[in-house]
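Beneath this line is the structure, given in structure tokens, with notes to follow.
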Amino acid sequence: MASPSTTLPPVLVAIDTPSLEAATALADALRGSGVGFKIGLEFYSAHGLPGVSRVVGTEPFFLDLKFHDIPNTVAGAIRSVAPSGPAIVNVHAAG
């Protein structure tokens with residue numbers, strides 16, 4: 001996978017569809033316009049890291065998977081998605 005930028009632009013466009021074709025068309029239309037992408041759970045569940053790579057290319061992105069589990073499991077999940085190069089991932093934690 002290409003190495004995406006780790007600096008997010010001020011505008012992120014949500015890519016949260018099960019359709020790889022729709023996601024790719026939207027990303028291609030916006031590529032180079034200065035926006036980044038927010039990859040949601042619905043898209044990720046349908047297409048995984050290969051789909052993320054195909055859609056975002058080298059554009060910066062936020063991987064919005066809302067990790068919430070026991071700490072060891074969340075740490076493992078973060079390690080698993082880290083090679084895709086997200087600028088941000090989110091973790092839901094409870095005290």
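The values are calculated or read from the model by the stated rules, or taken from the named source; none is laboratory data. No experiment lies behind these values; they were computed from the predicted model shown. FYI the Cβ positions are ideal-geometry reconstructions off the backbone, even for glycines, and counts take in every protein chain you see. With ligands, DNA and RNA removed, areas are computed over all heavy atoms of the protein, side chains included. Shrake-Rupley method; radii C 1.70, N 1.55, O 1.52, S 1.80 Å.
In region 18-43, which residues are among the hydroxyl-bearing types (Ser, Thr, Tyr) and at pLDDT below 95? Within region 18-43, Ser33 is the sole residue that qualifies. In this entry, Ile88 passes the filter for residues that are in contact (Cβ under 8 Å) with a residue 60 or more places away in the chain and under 16 Å from Asp16 (Cβ atoms).
If you take the residues of region 27-85 that are acidic (Asp, Glu) and open to solvent by 80 Å² or more (accessible area, probe 1.4 Å), which of them is nearest to Thr7 (Cα to Cα)? Only one residue tops the list, namely Asp28.
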